[in-house]
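One structure below.
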Amino acid sequence: MTFPEKKTVQFFFEGKALTGYEDEPIAAALVANNVMVFRYTEKMKRARGFFCAVGKCSSCLMKVDDRPNVMVCMELLKSGMKVNRQVGRGKIGAASNK
Amino acid sequence: MLQAEIAIVGAGPAGLTAAIVAAKLGASLTLIDDNPVLGGQLIKQTHKFFGSKSHYCGIRGINIGQILTTELENLPVKKLLNASVIGYYENNLLAIYQPDRLLKLRAQKIIFATGASENTIAFPNNDLPGVYGAGAVQTLINVYGVRPGKRALMIGSGNIGLIVSYQMMQAGIDVAAVIDILPKIGGYHVHAAKLARLGVSIFTSYTIKEAIGKDWVEAALIVKVNKKYQPIPRTEKRLKVDIICLAVGLSPLNELLWQAGCEMVYIPELGGHVAQHNEDMATNKPDIFVSGDLSGIEEASTAMLEGKIAGASAYESLKGVTEESEKIKEQAKAELCMIRQGPFGEKAKCGKEKLSVATRWA
């Protein structure tokens, strides 16, 4: 199997600099960097990670830059992105995410 | 407000062939998909397909996706990618969500080809990171070149379970075992044999008792079941794995059909609730057609044939029957019939027969 050439970019996970490929799903970059836990649930604080890969299960919701509830299995990685774990439901509204 | 004669929701094998047929017949269409590329699940299917020459046998799924995409490029089809259809409203209005905007599209006819999503099963700690749908692991290893772990347990020995297992072995992930609650292997013998040659054990009449781990999968406990599928005490085996893969069936992604008011019927052989439809892939709503896994879980080859039929039918309901459209439908129906004769076509054939067809509405 061959994989197409991709550009390496730097991004941040919980403040830590990691590398990934531009335009691969953020979730793929995280898994490649051995990040298993993407978020914790609202009530029981259960760890959640990658599950369906097709944007249907809500397991992979994370905060990307100032946007909460981003499906990182669908969202493509760009240079400089700040990816953070979400605890519970993300807060909607510009002011609460700066 | 966007307009289209025909809107096609989903650009997997069914949606792509529907678009190609309808465009060649002369309809103006918009093809919508929530992924950044066309092809649906074909893009991660690196294995070679079976079937006859006209069904692309011997060709890898990824290449079939490429062939269809290229064929589409030369046709006047409007494509909306990274676009998720989030609602169906009266008179064929579709609401389409893209990351930075909401679009509205009014179509005269709509072909839904949204495919299916993987099922999950209930067991303690089934929500731990490290538990994946088998398709998700396939996407990671075949499309992005990422190994999600070192050692896997595969639950399900249908074709998806078997194929993803040997693809994991090819990617350097050790498959500790494939288990199936049924007493026999579900998929084609050729795939099971490939796994046997790689030294992977397949345990039938086994199920998973629980996943073990704090914040991610560290081990799995599997247990043998009796003829009533009840766990047999003291037959537990603990497997040290960091991946638990679920290949336990697919269910049609049918929310939009419910919303559109299509008559829905529960048919287990087809994977769950499907819209009532006839051999022309028409539903009880005169402007709505279905095709592919959405209309019943089957294969990519049947999806491509159903897509052709839906494309021709939608065109006919708009512009009238032509010699060409008739020919396309007849040929595709004959090929479908042939594919469904085999032992693996039995289930879907049975399921499709359960649909009460044209006699229900004229």
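The values are calculated or read from the model by the stated rules, or taken from the named source; none is laboratory data. Nothing here was measured: the structure is a model prediction, and the numbers come from that model. Here Cβ is always computed from backbone atoms with ideal geometry, including for glycine, and neighbour counts include all displayed protein chains.
Identify all residues within the stretch B:320-347 that are buried (at least 17 other Cβ atoms within 10 Å of the Cβ) and acidic (Asp, Glu); write none if there are none.
Residue satisfying the conditions is B:GLU335 alone.
If B:ALA196 meets every condition in (1) part of a loop (DSSP other than H, G, I, E, B); (2) more than 24 Å from the chain's Cα centre (by Cα) apart from one, which number is that one?
(1) is the only condition that B:ALA196 fails.
Given the criteria under 19 Å from the mean Cα position of the chain (by Cα) and assigned to a helix (DSSP H, G or I), does B:LEU294 qualify? Show your work before the answer.
On the way: under 19 Å from the mean Cα position of the chain (by Cα): yes; assigned to a helix (DSSP H, G or I): yes.
Here the answer is yes, as B:LEU294 does meet what is asked.
Taking B:TYR315 as the residue in question, decide whether it is assigned to a strand (DSSP E or B) and among the hydroxyl-bearing types (Ser, Thr, Tyr). Before the answer, list the steps.
Working: assigned to a strand (DSSP E or B): no; among the hydroxyl-bearing types (Ser, Thr, Tyr): yes.
So B:TYR315 fails the test.
What strands (runs of 3 or more DSSP E) completely inside the stretch B:1-85 contain at least 1 residues that are more than 18 Å from the chain's Cα centre (by Cα) and of a type in the set (Lys, Arg)?
Values: elements: B:2-9, B:29-32, B:77-80.
Passing ranges, in order: B:77-80.
Could you list, in sequence order, all residues of the stretch A:52-69 that are facing another protein chain (nearest Cβ under 9 Å) and of a type in the set (Val, Ile, Thr)?
A:VAL54 - this is the single residue of the stretch A:52-69 that is facing another protein chain (nearest Cβ under 9 Å) and of a type in the set (Val, Ile, Thr).
Please pick out the residue among B:SER295, B:SER313, B:SER317 that is crowded, with 24+ Cβ neighbours inside 10 Å, under 15 Å from B:GLY26 (Cβ atoms) and polar (S, T, N, Q). Explain how you work it out, then say what you get.
On the way: B:SER295 fails: under 15 Å from B:GLY26 (Cβ atoms); B:SER317 fails: crowded, with 24+ Cβ neighbours inside 10 Å.
That would be B:SER313, the only listed residue that is crowded, with 24+ Cβ neighbours inside 10 Å, under 15 Å from B:GLY26 (Cβ atoms) and polar (S, T, N, Q).
Being out of contact with any Leu (no Cβ under 7 Å at 6 or more places or on another chain), assigned to a helix (DSSP H, G or I), polar (S, T, N, Q) and under 17 Å from B:LEU16 (Cα atoms) is the requirement here; does B:SER325 meet it? Full working, then the answer.
On the way: out of contact with any Leu (no Cβ under 7 Å at 6 or more places or on another chain): no; assigned to a helix (DSSP H, G or I): yes; polar (S, T, N, Q): yes; under 17 Å from B:LEU16 (Cα atoms): yes.
Criteria not met by B:SER325.
Just checking, how many residues over the stretch A:72-83 are more than 10 Å from chain B (Cβ to nearest Cβ) and under 24 Å from B:ASP242 (Cβ atoms)?
Summing the residues that are more than 10 Å from chain B (Cβ to nearest Cβ) and under 24 Å from B:ASP242 (Cβ atoms) in the stretch A:72-83 gives 3.
Check B:ILE86, B:ILE96, B:ILE8 and return the single one that is free of Cβ contacts under 8 Å to residues at least 12 places away in the same chain, of a type in the set (A, V, I, L, M) and under 24 Å from B:CYS262 (Cα atoms).
Working: B:ILE96 fails: free of Cβ contacts under 8 Å to residues at least 12 places away in the same chain; B:ILE8 fails: free of Cβ contacts under 8 Å to residues at least 12 places away in the same chain.
None of the other options fit; the residue is B:ILE86.
Check off (1) touching a residue at least 12 places away in the same chain (Cβ under 8 Å); (2) over 29 Å from B:LEU182 (Cβ atoms); (3) surrounded by fewer than 24 Cβ atoms within 10 Å (Cβ to Cβ); (4) charged (D, E, K, R) for B:GLU255 and give me the number that stays unchecked.
(1)
Would you be able to tell me the number of residues in the stretch B:85-96 that are surrounded by fewer than 18 Cβ atoms within 10 Å (Cβ to Cβ) and either away from every other protein chain (no Cβ under 14 Å) or at pLDDT below 95 (or both)?
Counting residues in the stretch B:85-96 that are surrounded by fewer than 18 Cβ atoms within 10 Å (Cβ to Cβ) and either away from every other protein chain (no Cβ under 14 Å) or at pLDDT below 95 (or both) gives 6.
Among the listed residues B:LYS209, B:LYS214, B:LYS184, B:LYS194, which satisfies the condition of being surrounded by fewer than 16 Cβ atoms within 10 Å (Cβ to Cβ), of a type in the set (Lys, Arg) and within 23 Å of B:GLY249 (Cβ to Cβ)?
That would be B:LYS184, the only listed residue that is surrounded by fewer than 16 Cβ atoms within 10 Å (Cβ to Cβ), of a type in the set (Lys, Arg) and within 23 Å of B:GLY249 (Cβ to Cβ).
Between residues in the stretch A:6-25 that are within 14 Å of another protein chain (Cβ to nearest Cβ) and exposed (fewer than 14 other Cβ atoms within 10 Å of the Cβ) and residues that are of a type outside the set (S, T, N, Q) and in a strand (DSSP E or B), which pairs lie under 6 Å by C-beta distance while being six or more apart or on different chains?
A:ASP23/A:LEU76
For the condition within 26 Å of B:GLY186 (Cα to Cα), more than 16 Å from the chain's Cα centre (by Cα) and touching a residue at least 40 places away in the same chain (Cβ under 8 Å), what is the one hit in B:GLU210, B:GLU279, B:GLU269, B:GLU236? Please lay out each step first, then the result.
On the way: B:GLU279 fails: within 26 Å of B:GLY186 (Cα to Cα); B:GLU269 fails: more than 16 Å from the chain's Cα centre (by Cα); B:GLU236 fails: touching a residue at least 40 places away in the same chain (Cβ under 8 Å).
Sole residue among the options that is within 26 Å of B:GLY186 (Cα to Cα), more than 16 Å from the chain's Cα centre (by Cα) and touching a residue at least 40 places away in the same chain (Cβ under 8 Å): B:GLU210.
What single numbered condition from (1) in a helix (DSSP H, G or I); (2) within 22 Å of B:LEU221 (Cα to Cα); (3) among the hydroxyl-bearing types (Ser, Thr, Tyr) fails to hold for B:THR139?
Exception for B:THR139: condition (2).
Return only the number of the condition from (1) under 20 Å from B:VAL131 (Cβ atoms); (2) more than 14 Å from chain A (Cβ to nearest Cβ); (3) β-branched (Val, Ile, Thr) that B:VAL190 does not satisfy.
(1)
How many of the residues in the stretch A:30-50 are within 12 Å of chain B (Cβ to nearest Cβ), touching a residue at least 12 places away in the same chain (Cβ under 8 Å) and either touching a Cys at 6+ places or on another chain (Cβ under 7 Å) or not polar (S, T, N, Q) (or both)?
Kept after step one, since they are within 12 Å of chain B (Cβ to nearest Cβ), are these residues of the stretch A:30-50: A:30-41, A:44-50.
Applying the additional criterion that residues be touching a residue at least 12 places away in the same chain (Cβ under 8 Å) yields A:30-33, A:35-41, A:45, A:48-50.
This time we only want the ones that are either touching a Cys at 6+ places or on another chain (Cβ under 7 Å) or not polar (S, T, N, Q) (or both), so: A:30-32, A:35-40, A:45, A:48-50.
Total satisfying the criteria: 13.
So in the stretch B:104-125, with the set limited to residues that are at the interface with chain A (Cβ under 10 Å from one of its Cβ atoms) and in a loop (DSSP other than H, G, I, E, B), which one is farthest from B:ILE208 (Cα to Cα)? Don't jump to the end; show me each part of the working.
So the first thing to find is which residues in the stretch B:104-125 are at the interface with chain A (Cβ under 10 Å from one of its Cβ atoms), and the list is B:115-118, B:120, B:125.
If we keep only those that are in a loop (DSSP other than H, G, I, E, B) too, we end up with B:115, B:120, B:125.
Working: B:GLY115: 27, B:THR120: 12, B:ASN125: 11 Å.
By that ranking, first place goes to B:GLY115.
Please go through the stretch B:131-151 and pick out each residue that is within 10 Å of chain A (Cβ to nearest Cβ) and either surrounded by fewer than 19 Cβ atoms within 10 Å (Cβ to Cβ) or more than 16 Å from B:VAL248 (Cα to Cα) (or both).
Within the stretch B:131-151, B:THR139, B:LEU140, B:ILE141, B:ASN142, B:VAL143, B:TYR144, B:GLY145, B:VAL146, B:ARG147, B:PRO148, B:GLY149 meet the criteria.
Can you tell me which residue within the stretch A:43-98, out of those that are surrounded by fewer than 19 Cβ atoms within 10 Å (Cβ to Cβ) and among the hydrophobic types (A, V, I, L, M, F, W, C), is nearest to A:TYR21 (Cα to Cα)?
Result: A:LEU76.
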